[in-house]
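A.B. asks: Pasting in a structure now, in structure tokens, and then I'll have a few things to ask.
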Amino acid sequence: MRIKGFIQRLTVLILLTGFCLQLKAQSPGDVITPVDNPKGWLIKTKSSVYQLTITATGALKPGYYGSKAQAGLGKKNPAWTETIDEVPVRGGLPFKTPALEVVYADNARDAELEYVSGEVVTVDGRPTLKIVQKDKLYPLQVTSYIRVLAEYDVLEKWISVKNTGAKGTITVENLASGNIVLPADEYTLTHLSGRDLFEFQLQEVPLSPGLKAIQNRGFKSNFNPPWFQVRPQSLAKDAAGPTWFGALHYSGNWQIAFDKAFEGPLQIVGGMYFWDTAWQLKPGTSLESPKLTVGYTDGGAAVATQDMAAYVRNEVLPAAHRNDLRPVIYNTWEATYYSITEQKAMELLKIAKDLGVELFTIDDGWFRGRTDGRSQSGLGNWDVDKNKFPNGLSPVIKATHDAGMKFGLWIEPENVNPNADIVQQHPNWIFQYPGRKGNEFRKILNLANEDVYQHLLKTFITLLQENDIDFIKWDQNNALSEPGWPDAPVAMQREVRIRHIANVYRLVEELRKRFPKVLFESCSSGGGRVDLGMLSRMDQTWLSDNTDPLDRLYIQYGYLKAMPANSMVSWVTSTSRHQPIPVDYRFDVSMTGVLGIGNDISKWTPAEREVAKSKIALYKNIRPVVQQGTLYQLVSPYEHNRCALQYNSTDNKRSVLFCYNLGGYLAGSQFIDRGSKTLKLQGLIPQQKYTVKRAGDDKDKGTVYTGSELMDIGMTWPLKDANKSQVFTIEVL
Ligand code: DGJ
């Protein structure tokens, strides 16, 4: 059985949308150069070089990966390592973390690869080094790819394995996407971690000798994307200097391992996590890994963040809506929870229209049998609840469109409640081990089963055909337990996790292909499924069910370290476990990504509605800079009781600055933050004059400064009291 490559599907999607990547194509020779002494390739990006060599014994070794200034480095030195292969396998000496582990038909568990061929090809308009290796004894062919996106300083790596034999199955026990090897040094790792309601929390740890792995076995992304930054311990956090970074394109179980040798290099290996998994590679068939994106910059952590954001925005997010500004959303969830009705929807959409909302979305609760959250019933019945919407969804959709807004709907295709029709009719369609109860309220449909895939495809084609829907919020509120598939052949049962995710991707892709206008949002109990596998198929993502603006500052700051602002959905609600936070502060927090409102706006006071109107109008004006510009994270809430974010347009002629005070100080203390009260802006044109203006303050006619004044001298921190915020617009004179 052959699993269709993730890359091929993305290719088809891009071709279908007609997006012309050729415009950006680099000449392969510019970035991938064959070299002779030692024999191999030099891969160059804006500021990095990746050296690959073929040894005299036919092994393929990454030599040096780091600053392009060292591109001439052709011989061994302290930064050069040959202890780890380009595709490290289980076999030979065990001093590395393997990316590939196989068992051959005769039970040999050792692989040994030798170089066969290498060529520069073009994949989706980009130069790509394709290298074929094979096992010296067994019929295993290993093809590894390095696709180069030079202007973002990133490489995309992936591996395909093929059983070239006529008989005998090879069992794949591990297939990662690839590895990079950093020169011998001591390093600091930055990554994200979290749980539901507290996603994307920044972590920073020294990598001591040994193995550190960030991973997920919960069948989603674990409330943090598979993403990292690594810098030498000698480099200060905010300083420019060598920084490696990366992110994985996968939404099932994943792992990124950091294997630090005692005195030697740091190996970073990322890919699918084969925990509880094995793949039967039958003769003539292949298995392809998802992509691992890796990068290097001389610019330090801030530039690594900007490179990754630009790369994801311009190269990863689905091409169909990549360049579209994301609309202002209204979502019914926190207004009605499961009790949404036609009447309430009509009431909310009129107010939303008046506020300036552009996309009205009905969240959970609209379908048959979804009576309340306690019993969690009805999930799987994707037809309208006639008690709540007696005339179907059409009247609300029509009213939304008549009001000039787009219409969105929440779905959760992969999960079901046991009382859903589909479970009653096909009890074997859910993951299960007979006799085990597991989660009694909510089960996951086994999409590895083609019948389940076809059922879901048909169901959602019907839903989208019968209703003029512009936006889908695709939720997934379960972690996989009892991953059994008793009906499948025994050997295939341990492939189920990989097969399931492949079909989730296939389902999204097929629906996108048939309904190209629809914008998709990924969601998973908040931000439980954020990764480049999802973000290459979904246009944006919901971050957290924690909509408290203070908590959000931390959640969003962490998210924006790794992912672009135009993928970050943030609603204004009334939720705050802290002291009451004014509505304008909430808007200022939510305006730093894709703005939405998720509150019962029928209960908002006239004054609150006026604030909302003017904030939405302001957001529409600054949106191109926020969603498509370059972010400078000026002040971190993790280090101060303040936060500042600056977004610059790509030509640096427009800038938007968000400043927030967090909590106050105890009575009697001096009002002082431990950091500097001078805020220095970044990225502006030094000689250019800019008008700096308090947004929303009609009395402020603006003050003119040069870019260099704003960057070198800076401005005084503009806020005095707790829970106060201010947005500034900075425009060329
Ligand atoms: C979890 C999501 O994070 C919420 O926004 C909401 O859509 C609920 N699911 C609905 O069940």
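So that you can scan it fast, the table gives a plain yes or no per residue for (1) touching a Gly at 6+ places or on another chain (Cβ under 7 Å); (2) within 28 Å of A108 (Cα to Cα); (3) among the hydrophobic types (A, V, I, L, M, F, W, C):
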position: Q133; (1), (2), (3): no, yes, no
position: L137; (1), (2), (3): no, yes, yes
position: I146; (1), (2), (3): no, no, yes
position: E156; (1), (2), (3): no, no, no
position: K167; (1), (2), (3): no, yes, no
position: E186; (1), (2), (3): no, no, no
position: H191; (1), (2), (3): no, no, no
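A.B. asks: Here's a check for you: in segment 327-352, which residue that is in a helix (DSSP H, G or I) and under 27 Å from the mean Cα position of the chain (by Cα) is nearest to the ligand (Cβ to nearest atom)?
C.D. replies: W333
A.B. asks: For residues that are within 11 Å of the ligand (Cβ to nearest atom) and touching an Asp or Glu at 6+ places or on another chain (Cβ under 9 Å), tally how many sit in segment 353-365.
C.D. replies: Within segment 353-365, the subset within 11 Å of the ligand (Cβ to nearest atom) is 361-365.
When the remaining residues are screened for being touching an Asp or Glu at 6+ places or on another chain (Cβ under 9 Å), the result is 361, 363-365.
Residues flagged as within 11 Å of the ligand (Cβ to nearest atom) and touching an Asp or Glu at 6+ places or on another chain (Cβ under 9 Å) within segment 353-365 amount to 4.
A.B. asks: Okay, next question. Under 7 Å by Cβ, and 6 or more places apart or on different chains, what pairs join a residue from segment 685-712 that is modelled with pLDDT of 95 or more with one that is basic (K, R)?
C.D. replies: Filtered contacts from segment 685-712: D700/K693; D700/R694; G702/K693; V704/K689; T706/K689; M711/K680.
A.B. asks: Among the residues of segment 61-69, is any charged (D, E, K, R), outside any loop (DSSP other than H, G, I, E, B), out of contact with any Lys or Arg (no Cβ under 9 Å at 6 or more places or on another chain) and under 29 Å from Y152 (Cα atoms)?
C.D. replies: yes
A.B. asks: Filter segment 532-552 for residues that are within 16 Å of the ligand (Cβ to nearest atom) and under 27 Å from E288 (Cα atoms) and give the result.
C.D. replies: M534, M538, Q540, T541
A.B. asks: Could you tell me how many of the residues in segment 302-320 are in a helix (DSSP H, G or I) and over 18 Å from P242 (Cβ atoms)?
C.D. replies: Total meeting the criteria: 10.
A.B. asks: When you scan segment 223-236, do you find a residue that is buried (at least 23 other Cβ atoms within 10 Å of the Cβ), modelled with pLDDT of 95 or more and closer than 17 Å to M534 by Cα, even just one?
C.D. replies: Yes - at least one qualifying residue is present in segment 223-236.
A.B. asks: Still on this structure, please answer the following. Please go through segment 190-220 and give me each residue that is assigned to a loop (DSSP other than H, G, I, E, B) and either under 17 Å from the mean Cα position of the chain (by Cα) or surrounded by 15 or more Cβ atoms within 10 Å (Cβ to Cβ) (or both), ordered by number.
C.D. replies: Those that are assigned to a loop (DSSP other than H, G, I, E, B) and either under 17 Å from the mean Cα position of the chain (by Cα) or surrounded by 15 or more Cβ atoms within 10 Å (Cβ to Cβ) (or both): D196, L197, R217, G218, F219, K220.
A.B. asks: Taking segment 459-490 as the region of interest, how many residues are within 28 Å of the chain's Cα centre (by Cα), over 20 Å from E521 (Cβ atoms) and not in a loop (DSSP other than H, G, I, E, B)?
C.D. replies: Qualifying residue count, segment 459-490: 0.
Condition check ((1) at pLDDT 95 or above; (2) crowded, with 24+ Cβ neighbours inside 10 Å; (3) under 18 Å from E610 (Cα atoms)) across all residues:
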| site | (1), (2), (3) |
| --- | --- |
| Y554 | yes, no, no |
| K561 | yes, yes, no |
| S574 | no, no, yes |
| I581 | no, no, yes |
| Y585 | yes, no, yes |
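A.B. asks: Here are P265, P283, P226: which of them is over 22 Å from P98 (Cα atoms) and touching a residue at least 12 places away in the same chain (Cβ under 8 Å)?
C.D. replies: P283
A.B. asks: If I go through segment 379-414 residue by residue, how many of them are in a loop (DSSP other than H, G, I, E, B), under 22 Å from K458 (Cα atoms) and under 30 Å from the mean Cα position of the chain (by Cα)?
C.D. replies: Adding up the residues that qualify gives 7.
A.B. asks: Just to be sure, is N331 closer than 14 Å to W410 by Cα, of a type outside the set (V, I, T) and modelled with pLDDT of 95 or more?
C.D. replies: Yes: the conditions hold for N331.
A.B. asks: Could you give every pair whose Cβ atoms fall below 8 Å, whose first residue belongs to segment 462-483 and is over 16 Å from M534 (Cα atoms), and whose second residue is of a type in the set (S, T, N, Q) and in a helix (DSSP H, G or I), counting only separations of at least 6 or pairs across chains?
C.D. replies: Correct list of pairs: N467/S394.
A.B. asks: What residue, among those in segment 471-529 that are among the basic types (K, R) and within 16 Å of the ligand (Cβ to nearest atom), is surrounded by the fewest Cβ atoms within 10 Å (Cβ to Cβ)?
C.D. replies: K473
A.B. asks: Inspect all residues belonging to segment 28-36 and state whether any of them is buried (at least 19 other Cβ atoms within 10 Å of the Cβ), touching a Leu at 6+ places or on another chain (Cβ under 8 Å), assigned to a loop (DSSP other than H, G, I, E, B) and modelled with pLDDT of 95 or more.
C.D. replies: No: segment 28-36 contains no residue that is buried (at least 19 other Cβ atoms within 10 Å of the Cβ), touching a Leu at 6+ places or on another chain (Cβ under 8 Å), assigned to a loop (DSSP other than H, G, I, E, B) and modelled with pLDDT of 95 or more.
The values are calculated or read from the model by the stated rules, or taken from the named source; none is laboratory data. Just so we're clear, the structure is a prediction, and the values are computed from it rather than from any experiment. Please note: Cβ atoms are built from the backbone with ideal geometry, for glycine as well, and neighbour counts cover all protein chains shown.
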